[in-house]
Amino acid sequence: TDPIIVAPTNMPFREDESLDLGALARNIDKFCETALSGFVVGSYGGEEFHIGEPEKVSAISTVGQAHAGRRFVIAGIDALSPAEAVRLANIYADAGADMVRVRIPPASGGANTAPIQDYFEQVASGSPVPIVVIHQPKTPMSVDITPTELGDITSLDNVFAYIMSLNYRYECRLAQFIDKNVKLWTCNGTLLMPGGMIGAVGACMLFGNWGPHIARDIIRACMEGRYEEARDMQGRI
């Protein structure tokens with residue numbers, strides 16, 4: 001139920017750098033007592049580029065077992081190949097993921113670059129679970145998607161939400177092109193109220209691990225037009 005607040009789930013490690021799945025399960029059980037709606041496993045804030053596929057699968061399975069139906073799991077995918085993204089989506093769904101978060105591939109602009117719509121058509125049709133599209137260019141204020149591309153992608157079946165980038169100036173323009181059936185989520189604690197002002201009904205951000213209740217309350221206040229309250233809460237965080 002909106003507002004939905006999710007956070008990249010940090011992975012606890014032992015001294016030998018192996019994943020501490022027991023500690024992870026205990027953390028998830030504690031988070032289920034908060035306003036956090038769900039967990040994003042294998043995302044940038046959760047050591048996405050520092051653990052291998054078997055570890056990601058183990059983490060997804062552990063989180064799924066620990067929340068025991070109380071929350072949901074979004075598995076992070078960052079693959080330039082749509083075939084690889086589909087392969088991972090199937091593996092992660094089998095491990096217990098309820099959705100997959102798919103990063104928009106970097107825009108190269110070269111003559112040999114396939115349309116981004118082709119990428120997401122293949123992923124959307126091949127993924128057994130809904131997709132959350134994230135716009136997160138390597139350079140924070142850069143752009144990897146056009147308004148037309150975003151409209152086409154969010155109109156695909158099986159797309160659940162779109163996570164905006166830090167480039168708020170650009171995302172203000174993009175918001176109007178998102179399909180009405182797809183949720184807009186903001187991406188950062190500092191952008192909770194600004195995101196809510198342009199229609200965000202949720203958030204995916206590391207701050208969700210510390211302040212899921214106030215994050216939920218800020219987005220809800222914006223949804224209900226209580227902007228002064230939202231501003232006061234945003235100022236507190």
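Throughout, read-outs are computed from the coordinates displayed, never taken from laboratory work. As the structure is a computational prediction, the values presented were derived from the model and not from experiment. FYI the Cβ positions are ideal-geometry reconstructions off the backbone, even for glycines, and counts take in every protein chain you see.
Comparison of V132, V63, V102 shows that the only residue that is in contact with a Lys or Arg (Cβ under 6 Å, 6 or more places away or on another chain) and surrounded by 15 or more Cβ atoms within 10 Å (Cβ to Cβ) is V132.
To keep it simple, each residue is scored yes or no on (1) closer than 30 Å to F13 by Cα; (2) touching a residue at least 40 places away in the same chain (Cβ under 8 Å).
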{"residue": "S58", "(1), (2)": "yes, no"}
{"residue": "R87", "(1), (2)": "yes, no"}
{"residue": "G96", "(1), (2)": "yes, no"}
{"residue": "I104", "(1), (2)": "yes, yes"}
{"residue": "D118", "(1), (2)": "no, no"}
{"residue": "V143", "(1), (2)": "no, no"}
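Filtered by the rule that a residue be part of a loop (DSSP other than H, G, I, E, B) and either under 17 Å from A79 (Cα atoms) or touching a residue at least 60 places away in the same chain (Cβ under 8 Å) (or both), segment 130-140 gives P130, H135, Q136, P137, K138. Screening G38 on (1) surrounded by fewer than 22 Cβ atoms within 10 Å (Cβ to Cβ); (2) in contact (Cβ under 8 Å) with a residue 60 or more places away in the chain shows it passes everything except condition (1). Would you confirm, using the coordinates I've provided, whether V123 is under 17 Å from the mean Cα position of the chain (by Cα) and part of a strand (DSSP E or B)? Here the answer is no, as V123 does not meet what is asked. Go through segment 41-57 residue by residue and tally those that are surrounded by fewer than 16 Cβ atoms within 10 Å (Cβ to Cβ) and in contact with a helix residue (DSSP H, G or I) (Cβ under 8 Å, 6 or more places away or on another chain). So the count comes out to 1.
The single residue among R26, R71 that is surrounded by fewer than 18 Cβ atoms within 10 Å (Cβ to Cβ) and touching a helix residue (DSSP H, G or I) at 6+ places or on another chain (Cβ under 9 Å) turns out to be R26.
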